[in-house]
Amino acid sequence: MGEPAVGTTPPRVMTIAGTDSGGGAGVAADLRALTACGAHGCVAVTAVTVQNTLGVSDVHVLPPATVAAQIIAVATDIGLDAAKTGMLAGAPTIEAIVAACDEVGIGVDGRTPLVLDPVAASMHGDQLLADSALDAFRTLLFPRATIVTPNLDEVRLLVGIDVHDRAGQYDAARALHAMGARNVLVKGGHLVEDTESCVDLFYDGDDFVELPGPRFDTGDTHGSGDSMASAIAAALARGASVADAVAFGKRYVTEAVRNAYPLGAGHGPVSPMWTVRHWWE
Ligand code: PXL
């Protein structure tokens, strides 16, 4: 695939997510990943987090109606080829997002694919989704999602399965699919038994595909899930199949983690812009 002609509108992708003042995760990571993957990123901010590399010290949740209004304003003018979700804060925000998505055709029954990254907590364990929102997440968002992309902590919260090995990853994928998600990616980054590799498992309800990748010895993985879900959304926006989009996302995030860097005194971020050449040098 060659370079698009100058002036060509890139695929349009919206991130529906929270901000991270440290710039490593959330909307900042999403916009970098979307840009690096050739998309034009649009934003519906759900919440502002006060955060640095040591943790989250405060969260300000935006009014749900403002979240919905951002989605509708963008979809009705700019248009969207895909959307992804990150931090959704609570049930009222989820309900507003679902109503807006239904209105403008985002989600599997509409025209616009939806990548659901079920962000529940930061790397430090700070809560980013209210416990009371899990039901809304499962019943309202799962059936609308093109794909759900949990890590193993999120698997435990969503389906109550403690994954310790590859067989557990398969069980989790089946359980998430049974809960209404058409496609599932059970990420293996938290699987400590895999010391050399990081295997993500894709399941479309018929077939399983193991996506192997290297495991890097780094604590600087802040924003990895956000970047991967954004890359998957960018590929879907270009018209890739879900299986191809997931393979693309795995390749992309592997390099983002390989290029992670230290920042502050805590966990540093992955590098969503690893694709960009240093044109100034
Ligand atoms: O990486 C998950 C994530 C998403 N969104 C926001 C976050 C985090 C993790 O800390 O802060 C706003």
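This table checks each residue for (1) of a type outside the set (D, E); (2) farther than 28 Å from Y252 by Cα; (3) assigned to a strand (DSSP E or B).
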| site | (1), (2), (3) |
| --- | --- |
| G38 | yes, no, no |
| G41 | yes, no, yes |
| V45 | yes, no, yes |
| V48 | yes, no, yes |
| Q51 | yes, no, yes |
| V59 | yes, yes, yes |
| A68 | yes, yes, no |
| I71 | yes, no, no |
Can you find a residue in region 103-123 that is more than 16 Å from the ligand (Cβ to nearest atom), assigned to a helix (DSSP H, G or I) and at pLDDT 95 or above? yes
Residue within region 241-264 that is assigned to a helix (DSSP H, G or I), within 16 Å of the ligand (Cβ to nearest atom) and under 19 Å from D81 (Cα atoms) present: yes
Looking at (1) among the hydroxyl-bearing types (S, T, Y); (2) more than 12 Å from the ligand (Cβ to nearest atom); (3) open to solvent by 10 Å² or more (accessible area, probe 1.4 Å), can you tell me which one S21 breaks? (2)
Candidates A136, A82, A100, A89, filtered to the one that is buried (at least 19 other Cβ atoms within 10 Å of the Cβ), touching a residue at least 60 places away in the same chain (Cβ under 8 Å) and farther than 30 Å from G219 by Cβ: A82
If the requirement is being in contact with a Phe, Trp or Tyr (Cβ under 7 Å, 6 or more places away or on another chain), within 27 Å of G189 (Cα to Cα) and β-branched (V, I, T), which of these qualifies: I94, I147? I94
With the requirement that a residue be away from the ligand (no atom under 16 Å from the Cβ), touching a residue at least 12 places away in the same chain (Cβ under 8 Å) and either of a type in the set (A, V, I, L, M) or open to solvent by 30 Å² or more (accessible area, probe 1.4 Å) (or both), what does region 211-238 give you? L211, P212, P214, R215, F216, A234, A235, L236, A237, R238
Quick one: in region 142-191, which of the residues that are assigned to a helix (DSSP H, G or I) and among the acidic types (D, E) is least open to solvent (accessible area, probe 1.4 Å)? E154
With respect to E210, determine if the residue is charged (D, E, K, R) and out of contact with any strand residue (DSSP E or B) (no Cβ under 7 Å at 6 or more places or on another chain). no
Within region 34-49, restricting attention to residues that are more than 23 Å from D77 (Cα to Cα) and not polar (S, T, N, Q), which residue is farthest from the ligand (Cβ to nearest atom)? A36
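The values are calculated or read from the model by the stated rules, or taken from the named source; none is laboratory data. Here the structure is a predicted model, which is why all the values come from computation and not from measurement. Cβ: placed from backbone, ideal geometry, glycine included. Neighbour counts: every protein chain shown. Heavy atoms of the whole protein, side chains included, go into the accessibility calculation; ligands, DNA and RNA do not. Shrake-Rupley method; radii C 1.70, N 1.55, O 1.52, S 1.80 Å.
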